[in-house]
Amino acid sequence: METLEPIVSELPLFKGLKPEHIQIITGCAANARFEAGEFMGRVGGPADRFWIIRQGRVALEIHAPGRGQLTVQTIGENDAVGWSWLVPPYQLRFDIHAVTSTRVLMFDGKCLRGKFANDPELGYELMQRFSQLILRRLEAMSIQLLDLYGDHDGEHE
Amino acid sequence: MSERAAAAAPTPNVTRTDPMQPAPWRVVRTEPETHDAFKLTLAPVEAGPPFTFEAGQFNMLFAPGVGEAALSMSGCSGTVDRVVHTIRAAGRVTKTLRTLKRGDVLGLRGPFGKPWPVGLAEGRDVLLVAGGIGLAPLRPALCHMLEHRERFGRVNLLYGARSPQDILFAKEIETWRGRFDVSVEVTVDRAGADWHGRVGVVTTLVPRAQFDPANTVAFICGPEIMMHFTQRELERHGVPDESVWVSMERNMKCGVGFCGHCQFGPLFVCKDGPVFRYDRVAPLLGIREV
Ligand SMILES: Cc1cc2nc3c(=O)[nH]c(=O)nc-3n(C[C@H](O)[C@H](O)[C@H](O)COP(=O)(O)OP(=O)(O)OC[C@H]3O[C@@H](n4cnc5c(N)ncnc54)[C@H](O)[C@@H]3O)c2cc1C
Ligand code: FES
């Protein structure tokens with residue numbers, strides 16, 4: 001059977017990890033596909049997996065009463081979606097919705113969490129990498145909050 | 001209609017006379033671009049020497065009875081018999097300009113300022129990063145690159161707008177996307193569920209672009225904070241500050257280095273810019289981290 005190991009080791013999120021760690025991660029990975037419009041997860045639902053987009057686009061959405069569904073960010077090829085699997089209570093913070101037909105690598109977070117107990121180094125590595133990802137998403141969201149292209153009083157001399 | 005001049009058509013070049021004296025130009029066309037931006041096409045009222053400008057330069061447009069504003073040319077650069085501006089109705093002058101109709105006359109001084117160094121980009125990969133109305137001053141640079149496509153490496157346009165309704169040049173973007181020799185990525189900061197494109201700040205497009213960081217030139221145009229974060233993202237991807245150029249915006253009065261209104265540290269944005277190499281202006285930006 002064809003192994004996902006070469007693909008997993010080339011993903012930006014996992015690049016440079018030790019081969020034995022790549023092997024463990026691959027053991028918790030599977031290919032999956034979502035149709036355009038399909039929800040991959042809903043706010044408050046169990047966060048026991050994360051995905052890396054291979055092709056297509058997914059949206060992180062929130063529902064704002066009276067304003068409908070708002071897209072917070074879209075995630076494209078080679079990027080990871082889902083970090084709530086790392087932190088209790090392991091519940092999704094956003095709706096995750098395939099905008100286009102999307103191919104992903106799906107990782108079983110529960111399976112990986114189980115491995116951390118025996119391999120704290122792997123846990124530390126993944127925490128580091130996901131923290132970076134979260135930091136960059138947070139930075140992007142804070143720039144979004146600045147509403148860069150709107151009218152701002154007192155901005156011009 | 002072509003923006004290029006017929007070789008023999010004489011048109012005025014007001015910079016040859018008094019740079020403070022606006023020349024009369026007539027509105028030949030006005031078109032809405034988005035809910036708050038519009039395109040103004042102007043032709044000279046009086047005959048004179050040809051009007052020649054380079055990508056990134058600007059004019060001072062005088063709305064009669066209201067005042068002047070600095071506005072970049074958004075049409076293709078060169079010698080032209082018509083000048084095109086794409087303008088966001090932001091304040092007094094630009095809101096008045098939006099009310100002008102075909103046949104109305106306004107005052108024009110220019111062209112002024114240092115252009116995008118398109119020559120420096122030859123033989124290299126190019127990143128044009130635009131935010132909001134910042135796509136207007138970059139359009140002539142892209143136009144030049146597409147006209148002389150063989151001179152440049154991979155050409156990437158990364159464009160961020162506030163919402164899908166704020167996307168400038170939407171039809172043209174589709175045409176550019178249809179070409180195989182330019183990569184165009186668009187993102188918006190906010191959108192409803194009916195938008196199927198990207199959502200996220202323009203910096204998130206940088207990792208999607210194909211470029212060799214050591215042999216890339218980046219031109220960035222947009223709000224200062226956007227340019228700062230874009231530069232930081234480029235730095236993360238290995239593009240040195242010396243390869244990054246930004247177009248600065250300051251309120252202008254004379255436009256030619258007389259009044260000091262646009263002073264930015266030791267620099268005058270109107271005369272030394274508006275296009276600057278990033279490392280020249282970085283110490284003056286003083287942007288605090290968000
Ligand atoms: C080199 C250069 C090139 C440029 N090119 C373009 C271009 O191609 N297209 C374009 O659309 N713009 C361009 N600009 C920007 C344009 O010159 C400015 O937006 C200019 O200020 C417009 O003049 P205005 O009188 O219409 O607006 P202003 O009255 O100067 O208002 C500008 C901004 O200040 C805010 N403002 C106004 N009054 C107040 C107030 N009382 N309190 C709080 N906020 C207020 C407005 O909301 C607006 O955002 C360029 C600027 C420069 C320097
Ligand atoms: S606008 Fe007068 S010096 Fe620049």
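Let me cross-check A:LYS18: its accessible surface, 1.4 Å probe, with only protein heavy atoms counted, in Å² to the nearest 10?
Per-residue accessible area (A:LYS18): approximately 80 Å².
With axes computed from alpha carbons, what is the tilt in degrees of helix A:120-145 against the longest principal axis of chain A, rounded to the nearest 10 within 0 to 90?
10 degrees
Over 32 Å between Cα atoms: which of B:LYS101/B:LYS171; A:LYS15/B:LYS171; B:LYS101/B:LYS253; B:LYS39/B:LYS114 fall into that group?
In this structure, A:LYS15/B:LYS171 exceed 32 Å between Cα atoms.
Please compute the net charge surrounding A:GLY68, taking Lys and Arg as +1 and Asp and Glu as -1 over other residues with Cβ under 11 Å from its Cβ.
So the surrounding residues net to -1.
Starting from the Cα of A:ALA32, step 7 Å along the direction of its Cβ; do the same at A:LEU138; then give the gap between the two resulting points in nm.
Going by the 7 Å Cα→Cβ label model, 2.6 nm.
Of A:HIS21, B:HIS261, which has the most accessible area and how do the rest follow, probe 1.4 Å?
Details: A:HIS21 5, B:HIS261 85 Å².
So the residues, ranked largest to smallest area, are B:HIS261, A:HIS21.
Chains A and B: how much accessible area gets covered up at their contact, both sides added, probe 1.4 Å, in Å² to the nearest hundred?
Answer for the A-B pair: about 2600 Å² buried.
Could you work out [θ]222 nm for chain B from helices alone, using -39500 (n - 2.57) per DSSP H run of at least four and dividing by all its residues? Round to the nearest 500 deg cm²/dmol. Write down the numbers at each step before the final one.
On the way: 6 runs with 55 residues, N = 290.
Taken over chain B, the calculation gives -5500 deg cm²/dmol.
Sticking with the crude label model, points 7 Å out along Cα→Cβ, report the distance from B:ASP194 to B:GLU172 in nm, one decimal please.
The modelled label-to-label distance comes out at 2.6 nm.
Just from the alpha-carbon atoms, what are the Rg and Dmax of the protein assembly as shown in angstroms?
According to the Cα coordinates of the protein assembly as shown, Rg and Dmax are 24.7, 83 Å.
Determine the shape class of the range B:118-247: with a ≥ b ≥ c the square roots of the Cα gyration tensor eigenvalues, call it rounded for a/c under 1.5, and otherwise prolate if a/b is greater than b/c, oblate otherwise.
Judged from the Cα gyration tensor, the range B:118-247 comes out oblate (a/c at least 1.5, b/c at or above a/b).
So how much slack lies between B:ALA90 and B:CYS259, counting 0.36 nm per residue of separation and subtracting their Cα-Cα distance, in nm?
Separation in residues times 0.36 nm, less the Cα-Cα distance, equals 58.5 nm.
Accessible area per residue for the range B:3-112 in Å², computed with a 1.4 Å probe and the full protein assembly in place, what is it?
42 Å²
222 nm [θ] for chain A, helices only, -39500 (n - 2.57) per DSSP H run of 4+, per residue, to 500?
Result for chain A, helices only: -9500 deg cm²/dmol.
Just to confirm a number: summing +1 for Lys and Arg and -1 for Asp and Glu over residues other than B:VAL28 whose beta-carbon lies under 9 angstrom from that of B:VAL28, what do you get?
+4
Angle check, please: helix B:224-236 long axis (alpha carbons) against the longest principal axis of chain B (alpha carbons), in degrees 0 to 90, nearest 10.
40 degrees
Accessible surface of A:LYS110 in the full protein assembly, 1.4 angstrom probe, to the nearest 10 Å²?
130 Å²
So which aspartates and glutamates can B:LYS95 reach, going by Cα to Cα under 19 Å and dropping same-chain residues fewer than 8 places off?
A:ASP151, A:ASP153, A:GLU155, A:GLU157, B:GLU31, B:GLU33, B:ASP36, B:GLU68, B:ASP104, B:ASP166, B:GLU249
Once the range A:48-157 is represented by equal point scatterers at the alpha-carbon sites, with solvent omitted, what log10 I(q)/I(0) does the Debye formula produce at q = 0.15, 0.20 Å⁻¹?
Log10 I(q)/I(0), no solvent term: -0.76, -1.17.
Assuming R0 = 30 Å, what is the FRET efficiency of B:VAL66 and B:ASP18, from their Cβ-Cβ distance, to the nearest 0.05?
0.90
Using the crude model of +1 on Lys and Arg Cβ and -1 on Asp and Glu Cβ, and no other charge, please compute the dipole size for the protein assembly as shown relative to its Cα centre, in debye to 20.
I would put it at about 680 debye.
So for the range A:31-146, taking the charge dipole from beta-carbon charges (+1 Lys/Arg, -1 Asp/Glu), which of A:LEU92, A:LEU133, A:GLN69 sits furthest toward the positive end?
A:GLN69
The values are calculated or read from the model by the stated rules, or taken from the named source; none is laboratory data. This structure is a prediction, so every number in the text was calculated from the model and none was measured. Backbone-built Cβ (ideal geometry, glycine too); neighbour counts: all protein chains shown. For the accessible areas, the whole protein counts, side chains as well, though only heavy atoms, and no ligand, DNA or RNA atoms are used. Shrake-Rupley method; radii C 1.70, N 1.55, O 1.52, S 1.80 Å.
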